[in-house]
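S.K.: Below you will find the structure I want to go over with you.
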Amino acid sequence: MSPRASFALSPVARLLVAALLLGGCTKEETPPEAMGTAEERTLQKLRQEVDRVNQGGRPAAGPEAARGAPNEQLAGLAAGLDEAVPQKLSVPEPNETVHVDTVAVKLTALESSHSVKGSGKMGVTTEDLFLRVQLISQNVGPKPAALNLDSAKVVDAQGTSYALARDAQALAGTRPLRRTWALEERSDVILLFELPPPVLREGALHLVLQGTGGEVRIPLR
């Protein structure tokens, strides 16, 4: 074991040491009889915990340890990234074609997952859910059509909006969302959003696209 490793403290011990430094005094500088306030009693307990851990004791588990700290939950999700299978969601009926300016758009698939993978081993993971919206689009107008889908959002039954999950969108390597559709061009569009799980289970949900003529809504559930 290297000298550096032999003096390593656990994360809890490091936290306790930091608290002691913020307190501005050492164990010897504050006699027990001076520990009158709640803050001083807390510092005394922290000092005692540091001493106990440094003598080989196990760090005390805080309330977050019992329910799983957020970082630990994310680490667990990320560890299973390779095994994560997106859940296919049903496309609501009637699934009608809508028009955003002269580009016809139709919903073709919906999926949810905790992780989005890119090329190689790159991936992004969330405690919420990524909603993957797949559309088929075609320019049915008489000339090329400039369209900006970068402002796409998902709106729930309470009117709360969820913008594109840009990190996941970039990682997935999807086509640029602000571009010009050539005459009669037909192409798939993938949009990724990050939503709390209850939003996918409860109430109405719409994809909202913005054209020069105003908003266009596509029901997602």
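S.K.: For residue 185, enumerate residues with amide H under 5 Å from its amide H, sequence gap 5+ or separate chain, H modeled in the peptide plane.
M.R.: Placed amide hydrogens put 139 under 5 Å from residue 185.
S.K.: Here's something else I'd like to know. Take the cross-link list 88/143; 121/153; 88/153 and give me the ones stretching past 26 Å between alpha-carbons.
M.R.: Details: 88/143 36 Å; 121/153 28 Å; 88/153 20 Å.
Over 26 Å apart, Cα to Cα: 88/143; 121/153.
S.K.: Another question, if that's okay. Please identify the trypsin sites (Lys or Arg not before Pro) of segment 104-151 that satisfy two criteria: DSSP loop assignment and at most 16 other Cβ atoms within 10 Å. Which are they?
M.R.: On the way: sites: 106, 117, 121, 132; in loops: 121.
Here the trypsin sites (Lys or Arg not before Pro) that fit, given the DSSP loop and packing criteria, are 121.
S.K.: GluC sites (Glu not before Pro), restricted to segment 139-221: which are DSSP loop and have at most 11 other Cβ atoms within 10 Å?
M.R.: 184
S.K.: For segment 93-161, with all protein chains present and a 1.4 Å probe, just round the carbon and sulfur fraction of the accessible area to a whole percent.
M.R.: Working: 1720 of 3370 Å².
Ligands and nucleic acids excluded, carbon and sulfur reach 51 percent.
The values are calculated or read from the model by the stated rules, or taken from the named source; none is laboratory data. Quick caveat, the model's predicted, so the values are computed rather than measured. Neighbour counts run over all protein chains shown; Cβ positions are idealised from the backbone, glycine included. All accessible areas refer to the heavy atoms of the entire protein, side chains included, with ligands and DNA or RNA removed. Shrake-Rupley method; radii C 1.70, N 1.55, O 1.52, S 1.80 Å.
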